[in-house]
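Asker: Can you keep this structure in mind? I'll have questions shortly.
Every number in this text was worked out from the coordinates using simple rules, so none of it is lab data. Keep in mind that what you see is a predicted model, and the values were worked out from it rather than measured. Cβ atoms come from the backbone with ideal geometry, glycine included; neighbour counts cover every protein chain shown.
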């Protein structure tokens, strides 16, 4: 668990720096320089590319995490394994394109009435999808090598900084809007090239391609696992992305801007989950490879607890400061319509964090097929639910569908892992944490509103953090958190260094 904590701290810091940049982009820069329709179009292009990329890579990313540990001992075999995966990805994308062009008209007709402008950028979506496929494989490969820093730096910081630059260039008249959208694709391509170059310079990529390193039995296992993972991963991405695409198709591009920005505000909750899961995934895979159930149990419990601690604090902080956040936003009166989206999606994200790395445990166990069945059922249910809720409740309906999907998804996974693998992550500490959260919320309600909104955010957030953090440390909810706090005191010369 020490490895998870140390690397998670670094990746969390990077993620939060990126989050600040992302917040400045989405909450200030984009609303200031772009119309809601333009913001909605850019988000729809990116969400569509992410969704299509998951179908196009056919589960190969998950196969890297699951099977790469078998090749770690020999560098030439590891290089050949990755090159075979990349070659398979290119071939898979070609097959995907054939399927896409067969169904292109029915797909694009969904946006014909309310988001016709999006159709003009469908070709660009395909390019971004291909870039996303290769980037995903390279990121997963880098994380399998326990090299998490550069992928996170590029994804969380560099991309967002460059996006801010091109939006300012558009505002200054140096780019047209179509050139702005094209520039976003080029930014992702540049970051992919940097990641590939870094891996190559470190000796982790080479032109070696020995097909014999994957024996026939293992090849069949990889193909079977990839196809099953493809169904599951694609289904999970549907749960995460189809809501915004359905908002575009059913309501238009301007509501997508409100929904996407509000959704993004809620994603601050899950940043710790992303960081911890990126590190925990290869360790869970290796523990299953060694059949070390105690190690899996330890990772399961501590990751779930630490995720829930940070997620709860962040959800309270975001919801408590919503009035001030919307007051600071350009055109905040327009985007304030997404207030309940933030709350509903935030609760869904927190529930997802509560159950820890349950998806990873199922995926890397012998029961990996169950994740596929469950996710596909949920994806179909979400689409059906959104068709009912979005026309009736608008963007709030999309948020309800997304949150409901995550809650059901995690409950069923929890029951399955408990019954089949005899593991569950919970302890009495989780109940204590809920009580602490209630006290922190009451502390927020006791603070009078201050007209100077930035000062209000600082004071409110500080008091919430002090109440929450002090109670958590006093009750020793998380040994990891207490140990980190003690080391922090020692670092600044306050604690006992012995």
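Asker: Residue 72 to residue 212: extension gain in nm, 0.36 nm per residue of separation minus the Cα-Cα distance? Write out the running numbers ahead of the final one.
Answerer: Details: separation 140, 0.36 × 140 = 50.40 nm, distance 1.62 nm.
My answer for the length gained is 48.8 nm.
Asker: Figure the gain on full extension for residue 434 and residue 486 (residue separation times 0.36 nm, minus the Cα-Cα span) and round it to one decimal in nm. Intermediate values should be presented prior to the final figure.
Answerer: On the way: separation 52, 0.36 × 52 = 18.72 nm, distance 2.36 nm.
Between residue 434 and residue 486, full extension yields an extra 16.4 nm.
Asker: Classify the range 412-498 from the C-alpha gyration tensor, please: rounded if a/c falls under 1.5, else prolate or oblate depending on whether a/b exceeds b/c. Let's see the in-between values first.
Answerer: Numbers: a/c = 2.92, a/b = 1.35, b/c = 2.17.
Verdict is oblate for the range 412-498.
Asker: Let a ≥ b ≥ c be the square roots of the eigenvalues of the Cα gyration tensor of the range 274-378; is it rounded (a/c under 1.5), or, if not, prolate (a/b larger than b/c) or oblate?
Answerer: It comes out prolate by the Cα gyration axes.
Asker: Could I ask something else about it? Give the distance, in whole Å, between the Cα centre of the range 76-96 and the Cα centre of the range 335-357.
Answerer: Between the Cα centres of the range 76-96 and the range 335-357 lies a distance of 36 Å.
Asker: For Rg and Dmax of the Cα atoms in Å, pick the label among (1) 21.2, 68; (2) 22.7, 69; (3) 23.6, 78 that corresponds to the value derived from the coordinates.
Answerer: (2)
Asker: Sort 471, 276, 42 by Cβ crowding within 10 Å, fewest neighbours at the top. Can you show the working numbers first?
Answerer: On the way: 471 17, 276 26, 42 23.
Least to most surrounded, the residues fall as 471, 42, 276.
Asker: What is the extension gain from residue 16 to residue 98, computed as 0.36 nm multiplied by their sequence separation minus the C-alpha to C-alpha distance, in nm to one decimal? Mind showing how you got there, number by number?
Answerer: Numbers: separation 82, 0.36 × 82 = 29.52 nm, distance 3.94 nm.
Result for the pair: 25.6 nm of gain on full extension.
Asker: Let me check against my output: what whole-number percent is the relative contact order of the range 57-167, with C-alpha pairs under 8 Å and at least 6 apart? Could you put the intermediate results ahead of the total?
Answerer: Details: 42 pairs, mean separation 41.2, N = 111.
Computed value for the range 57-167: 37 percent relative contact order.
Asker: Hey, another quick one. Is any residue of the range 68-107 close enough, with backbone N under 11 Å, to a label point placed 7 angstrom from the Cα of residue 220 along the Cα-Cβ axis, and if so, which?
Answerer: Those under the cut-off are none; the list is empty.
Asker: Give me 293, 147 ranked fewest to most by other Cβ atoms within 10 Å of their Cβ, as a rough exposure proxy. The partial results should precede the final answer.
Answerer: On the way: 293 13, 147 16.
Taking fewest neighbouring Cβ atoms as first place, the list is 293, 147.
Asker: Here is a further query. Using only the Cα atoms of the range 339-378, build the gyration tensor, take square roots of its eigenvalues as a ≥ b ≥ c, and label the shape rounded, prolate or oblate: rounded if a/c is under 1.5, else prolate if a/b is larger than b/c, else oblate.
Answerer: Values: a/c = 5.71, a/b = 2.11, b/c = 2.71.
Oblate, because a/c is 1.5 or more while a/b does not exceed b/c.
Asker: Along Cα→Cβ, 7 Å out, is where each label goes; now give me the distance between the ones at residue 450 and residue 190 in nm to one decimal.
Answerer: Each label point is offset 7 Å from its Cα along the Cβ direction, giving 3.9 nm.
Asker: Using r as the Cβ-Cβ distance of residue 289 and residue 109, and R0 as 45 Å, what FRET efficiency do you calculate, to the nearest 0.05? Write down the numbers at each step before the final one.
Answerer: Working: r = 47 Å, r/R0 = 1.04.
After rounding to 0.05, the efficiency reads 0.45.
Asker: If we sort 336-343, 355-362 on the protection proxy, mean other Cβ atoms within 10 Å, highest first, what's the order? Could you put the intermediate results ahead of the total?
Answerer: Numbers: 336-343: 20.5, 355-362: 24.8.
Going by the mean number of other Cβ atoms within 10 Å, highest first, we get 355-362, 336-343.
Asker: Hey, fewest Cβ within 10 Å first, where do 256, 419, 279, 45 land in order?
Answerer: The fewest-first ordering by Cβ neighbours comes to 419, 45, 279, 256.
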